[in-house]
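In what follows, a structure is listed as structure tokens, so that the remarks can point back to it.
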């Protein structure tokens, strides 16, 4: 439901019942309509004065902020002009010992509160019907709760938001704890599997000492093979390398990327 910020009364100028005993109905309707128009103009002028007052307050606040910013800029300009980069030097120790910058800006809090409510909205609030006096039943309650809060509770939405935030924080804490436990369990299982594998291999070796242990084939290094093939066989630094399919090719037909095929 939209919140009406300003309402001009009366909204209906010519709608209404005529009083009894009126001799000239047309004259009565004309006078009542004219009176309603004058009342509407009065309400419009009052709202216009309120609007211009809000604009004045906003402009004054903006002017104060700009004036404060201009003073800071002027002080900074004077300080910058007094600096001499050729003479003045700041040591690294002084920079580390200097306190960190801390902003003095005050953030607005409780923007929507009774103190910051507009005058027009406050007038509408004052014209509303008051809640029933249920607070007189509070002393007779066993749970010591305010009886009026069962009818209207201004802090309900704040309490609901606070409860959701606390629940979300607790859920994140539980999720981090669960991930940490899962990580520790995974490490323990991996370590256990590794120890079991090593003990099994050791047991097999003890049971069958003559069992041949398979050697893992090393990965081929193409660049190293090409560098070896760039030399003649008698000048190669190590002839015990694993034979490759290119070892049968002479040095004249080397496939090194640095030499083209002859």
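Each value in this text was obtained by applying a stated rule to the coordinates, not by laboratory testing. A quick note: this is a predicted structure, and the numbers were derived from the prediction, not measured. As a convention, Cβ positions derive from the backbone with ideal geometry for all residues, glycine included, and neighbour counts pool all protein chains shown.
Per-structure values
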read-out	value
Sequence ranges 126-138, 27-39, ranked by mean other-Cβ count within 10 angstrom, highest first	27-39, 126-138
Computed E for residue 156/residue 194 - FRET, C-beta separation, R0 51 angstrom, nearest 0.05	0.35
Three-way shape label, the range 94-184, alpha-carbon gyration tensor, a/c 1.5	oblate
FRET efficiency, residue 58 to residue 127 (Cβ-Cβ, R0 25 Å, nearest 0.05)	0.40
Two-site label geometry, residue 115 and residue 18: point separation in nm, points 7 Å out along Cα→Cβ	5.6 nm
Cα→Cβ-extended label distance, 7 Å offset, between residue 67 and residue 50, nm	2.9 nm
Theoretical FRET efficiency, 1/(1+(r/R0)^6), r = Cβ-Cβ of residue 186 and residue 164, R0 35 Å, to 0.05	0.60
